[in-house]
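First up is the structure itself, then whatever we jot down about it.
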Amino acid sequence: MASVVAAALVLGLLAYAAFGGADFGAGFWDLTAGGPETGAQARARIDASVGPVWEANHTWLIYCLVVMWTAFPEAFAAVMTTLYVPLGIAALGIVLRGSGFAFRKVLWRTPHARLAGLAFSASSVLTPFAFGTVAGAIASGRVPAGGYGPPFSSWLSPSALMSGLLAVAVCAYLAAVFLTADAHAAHEQDLEDWFGRRARAAAVVTGVVSLVGLVVARADAPLLFDNLLTRAWPLALCSVAAGTAALLLLRRASPRLIRAVSWVAVTALVLAWVAAQAPYLLGTHTTIGSAAAPRTSLDALAIVIVVAVAIITPSFALLYVLQQRSRLHGG
């Protein structure tokens, strides 16, 4: 049952990485779009694509937190008492991002709109970076089983920092592909070319960061490195193939197919990390079984997960169908 609940936790992580990652990446392109005039069209497309769904994607983050602290309370406590600095940065980034995105619409055509826009875009980069460092710290074994590890060196290690950079790069790639597909569907040729070039650049940067991360992991997290090259290499290869295919399909296939292929790329990348990490929940010292809550708690949680997924999945499907059909835009 511990493995079943852990699998449910991974599904939530995959959903947040794919849906939330695209939203964070859109903020990256908002930040780098240029001045108020040169970047106006790109930001309008970002607002139209992200606006109806950006807040709903945090549902998956809440889902992951609830499953983690209920099913694996000791591991959850260890993470929270060790990595509270990057997790606090991520939480602050989520709040600033939401505030900036909401207020810049109200403050349209005022000097304060730039400040609100900067809060949205800068925190969209800072938040996935912080989450990435958390993943890197856990994978490299820098979270002690009893918690209360070093509050800074645990997430400022080479592996953790490379994971943070990789998270930002993956989000930027995913968002650029999505925005290219959205621009194509809206017949915005100039924006389709603009985002397409950035999708290709982000793919190259993601590949370079991944290779550098492997070199760093070899010295900093040798077991993780070995597992990535043995049990997880098919998933890593699948991620590379799907990411390349999404770029080749730009302007040649339907937006739905492009999004689906890019989702496969991100999903395979996250699963490669999961496969390399298993059966450990923290580093190489805390397994899924040893960190699990009592069986009665796991049984109750499994029922709650089934009910939650049964409610959330069709709700999200309806939300995205309406968003793709432009039924959620006012005015």
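Values computed for the structure shown
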{"quantity": "The listed residue being modelled with pLDDT of 95 or more and aromatic (Phe, Trp, Tyr), out of Phe76, Phe120, Phe103", "calculated": "Phe76"}
{"quantity": "Test for Gly149: is it farther than 23 Å from Ser326 by Cα and assigned to a helix (DSSP H, G or I)", "calculated": "no"}
{"quantity": "Count of the range 265-301 residues which are in a helix (DSSP H, G or I) and crowded, with 16+ Cβ neighbours inside 10 Å", "calculated": "18"}
{"quantity": "Filter pass, Val143 being of a type outside the set (Gly, Ala, Ser) and within 30 Å of Val50 (Cβ to Cβ)", "calculated": "no"}
{"quantity": "Single condition Arg251 does not satisfy, out of (1) of a type in the set (D, E, K, R); (2) over 30 Å from Arg218 (Cα atoms); (3) without any contact (Cβ under 8 Å) to a residue 60 or more places away in the chain", "calculated": "(3)"}
{"quantity": "Filter result for the condition that a residue is assigned to a helix (DSSP H, G or I) and more than 22 Å from Trp54 (Cα to Cα), over Ala253, Ala202, Ala217", "calculated": "Ala217"}
{"quantity": "Verdict on Val67 being within 19 Å of the chain's Cα centre (by Cα), surrounded by 16 or more Cβ atoms within 10 Å (Cβ to Cβ), farther than 29 Å from Ser157 by Cα and in contact (Cβ under 8 Å) with a residue 60 or more places away in the chain", "calculated": "no"}
{"quantity": "Which listed residue is of a type in the set (Gly, Ala, Ser) and over 30 Å from Ala221 (Cα atoms), from Ala201, Ala183, Ala175", "calculated": "Ala183"}
{"quantity": "Failed condition for Leu96, given (1) surrounded by fewer than 21 Cβ atoms within 10 Å (Cβ to Cβ); (2) farther than 25 Å from Phe316 by Cα; (3) not β-branched (Val, Ile, Thr)", "calculated": "(2)"}
{"quantity": "Tally of residues being free of Cβ contacts under 8 Å to residues at least 24 places away in the same chain and buried (at least 23 other Cβ atoms within 10 Å of the Cβ) across the range 1-54", "calculated": "0"}
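The values are calculated or read from the model by the stated rules, or taken from the named source; none is laboratory data. This structure is a prediction, so every number in the text was calculated from the model and none was measured. Counting neighbours? That spans all protein chains shown, and the Cβs are built from the backbone with ideal geometry, glycine included.
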